[in-house]
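S.K.: What follows is a single structure, and I will ask about it in a moment.
The values are calculated or read from the model by the stated rules, or taken from the named source; none is laboratory data. This one's a predicted model, so the numbers in the text were calculated from it and none came from an experiment. Here Cβ is always computed from backbone atoms with ideal geometry, including for glycine, and neighbour counts include all displayed protein chains. Heads up: the accessible areas ignore ligands, DNA and RNA and are worked out on the full protein's heavy atoms, side chains in. Shrake-Rupley method; radii C 1.70, N 1.55, O 1.52, S 1.80 Å.
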Amino acid sequence: MSFQWKWEFTWAILPRLMWATVNTLLASGIGYAIAMVLGLVFALLLRTGWKPLTLPLREAIEFIRSTPLVLQIFFVFYVGPQFGVRLSPWVSGMIAIGLHYSCYLSEVYRAGIEAVPRGQWEAARALNMSTRDTYMRIVIPQALPPSIAGMGNYLVGIFKDTPMLSVIGVAELMQTANAIGSETYRFLEPYTLVGVIFLLLSLPTAAFMRQFEAWVRRKLGM
Amino acid sequence: MEMSAYPLELPEDDRPMVRFMNVTKSYGALTVLDQLNLDITRGEMVTVIGPSGSGKTTVLRMLMTLETINGGVIYVDGKPLTHMPKNGVLVPANERYLRKARSMIGMCFQHFNLFPHMTALQNCMEGPVQVLGLPKAEARARSEELLEMVGMIDKKDQYPSRLSGGQQQRVAIARALAMRPKIMLFDEVTSALDPEVIGEVTNVIRKLVNEHDLTMLMVTHQMGFARDISDRVCFFYQGRIEEQGEAEAFFTNPQRERTKQFLSAVKAAD
Ligand SMILES: Nc1ncnc2c1ncn2[C@@H]1O[C@H](COP(=O)(O)OP(=O)(O)OP(=O)(O)O)[C@@H](O)[C@H]1O
Ligand SMILES: [Mg+2]
């Protein structure tokens, strides 16, 4: 093993890591999409105030938030088959990450929804709007802009957590770097590259989310 | 009074536009409305005045079904509003019944409550399109006509954040009217406004009184305005009507001691 940086080797493995980056982005994107939708569903279900539903749901969310993501990934992938549910690494990983982050996002949505003034609900009611329309057309559009910063943080969070998928063999960046390492016995270059790639992708995301928030506010006339 | 003693429907010859029948509202131990009885006839303009905390807003909110009722029944156009008939007795109304029953009532709030993510025109069109299911073109025509009426047509594409309080309130009135209500409720619609723009809102209400056959219930602290435009004035005191009467007579010749005290206190404050 050598501690000397080899540029030749670096260029040689770069294409393979680039392909793995696509997988990492894909995993982040799919996981986040699941988390966004599921999180909204959870937030709305919790608002029904129907105890037989909200109490277990609240407990489940609390449980998922207080246990490690990597455990949940293992659980879906390895324990599932014992109950006859055999899922591919990708599917298991997306379920675990999506579910995990939906619990955090539901909290972001909840805060956003609660920040909408009571007068808005009452105006919607005075116009005789249905509950559905009140949410879709009045409350959620107003809950969105203040939620974007929090949503952005969790987008970066999901992105940085995708390496955990390597433990069940999803060919994302980390798993690919590991593979390169065990094939060539050189770890310096692949791991450094993974770090740089993560950095280059994470940094602009925060700035992008700020732009996005400003854009949404403008779009909504606020 | 037993629930079974309330009629499922008011008789033909005794059908005010609104009837509060023994209406009680409490928050915990605090009774805010105490067995309130109040009739409002078709086309009548009734003003509610009274000290802070006397339950004026609560009366309007009960009628708009923004609050649940703890006792009694409210009838609108002869039919129960807060309750619905089931197996020959009145039971608390469910959401589906409420959506039908309250469709003839509109309300304007002290703080306007315009939707901030919609322009003035979109605010007005929202109800007609989403709730009444009108085609967009028809809703737009109706909304523009109303914005014209309240003098806001040239600001129709502005968002509320770009409008002054008086302008927002006028849009809010147009928005409520776009639903073609038969009953309009105004809760201190000028209280959050700068003195110099109060007139633009009261003028719109004046116009409504003169040109429409709306039934109106208004809470206000502006005694002069109340005297000018109301058919009847109700003075609330601790969740009850302490005194009521035809506007002119009420102000020139109040009967009850508390009314006199209140009126002279407001006069002193002016
Ligand atoms: N949601 C609530 N929870 C508890 N108490 C309430 C609630 N809403 C109103 N109250 C109380 O009910 C009473 C009547 O309130 P209401 O708003 O009807 O008074 P008001 O006559 O409109 O007064 P104001 O002139 O200050 O607007 C007050 O004592 C108020 O504190
Ligand atoms: Mg009030």
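S.K.: Restricting to region B:43-96, count the residues that are in contact with a helix residue (DSSP H, G or I) (Cβ under 7 Å, 6 or more places away or on another chain) and either within 16 Å of ligand 1 (Cβ to nearest atom) or open to solvent by less than 20 Å² (accessible area, probe 1.4 Å) (or both).
M.R.: Summing the residues that are in contact with a helix residue (DSSP H, G or I) (Cβ under 7 Å, 6 or more places away or on another chain) and either within 16 Å of ligand 1 (Cβ to nearest atom) or open to solvent by less than 20 Å² (accessible area, probe 1.4 Å) (or both) in region B:43-96 gives 15.
S.K.: Of the numbered conditions (1) among the hydrophobic types (A, V, I, L, M, F, W, C); (2) within 16 Å of ligand 1 (Cβ to nearest atom); (3) more than 12 Å from chain A (Cβ to nearest Cβ); (4) surrounded by fewer than 23 Cβ atoms within 10 Å (Cβ to Cβ), B:V233 satisfies every one except a single condition; which is it?
M.R.: (4)
S.K.: Look at B:L66 and say whether it is within 14 Å of the chain's Cα centre (by Cα), within 22 Å of B:T220 (Cα to Cα) and among the aliphatic types (A, V, I, L, M). Outline the logic, then answer.
M.R.: On the way: within 14 Å of the chain's Cα centre (by Cα): yes; within 22 Å of B:T220 (Cα to Cα): yes; among the aliphatic types (A, V, I, L, M): yes.
For B:L66, the condition - within 14 Å of the chain's Cα centre (by Cα), within 22 Å of B:T220 (Cα to Cα) and among the aliphatic types (A, V, I, L, M) - is met.
S.K.: OK, next. Under the condition of being open to solvent by 10 Å² or more (accessible area, probe 1.4 Å) and within 16 Å of ligand 2 (Cβ to nearest atom), which residue from region B:191-219 is nearest to the chain's Cα centre (by Cα)?
M.R.: Among them, the one singled out is B:S191.
S.K.: Of everything in region B:130-167 that's within 12 Å of chain A (Cβ to nearest Cβ) and either of a type in the set (K, R) or surrounded by 16 or more Cβ atoms within 10 Å (Cβ to Cβ) (or both), which residue is nearest to B:V204 (Cα to Cα)?
M.R.: Here the residue is B:L163.
Here is a yes/no grid of residues against (1) at negative phi; (2) away from ligand 1 (no atom under 16 Å from the Cβ); (3) within 13 Å of chain A (Cβ to nearest Cβ):
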residue	(1), (2), (3)
B:M179	yes, yes, yes
B:I183	yes, yes, yes
B:D187	yes, no, yes
B:A192	yes, no, yes
B:P195	yes, yes, no
B:T202	yes, yes, no
B:R206	yes, yes, no
B:H212	yes, yes, no
B:M218	yes, no, no
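S.K.: Of everything in region A:164-222 that's closer than 28 Å to A:S88 by Cβ and acidic (D, E), which residue is most open to solvent (accessible area, probe 1.4 Å)?
M.R.: Top of the filtered list is A:E183.
S.K.: If you don't mind, another one. Test each condition in (1) more than 27 Å from B:K207 (Cβ to Cβ); (2) within 14 Å of another protein chain (Cβ to nearest Cβ) for B:M84 and report the one that comes out false.
M.R.: So B:M84 meets the others, but not (2).
S.K.: Here's a follow-up. For region B:106-128, name all the residues that are in a helix (DSSP H, G or I) and open to solvent by 30 Å² or more (accessible area, probe 1.4 Å). Show your work before the answer.
M.R.: Kept after step one, since they are in a helix (DSSP H, G or I), are these residues of region B:106-128: B:120-128.
Selection gives B:Q122 alone.
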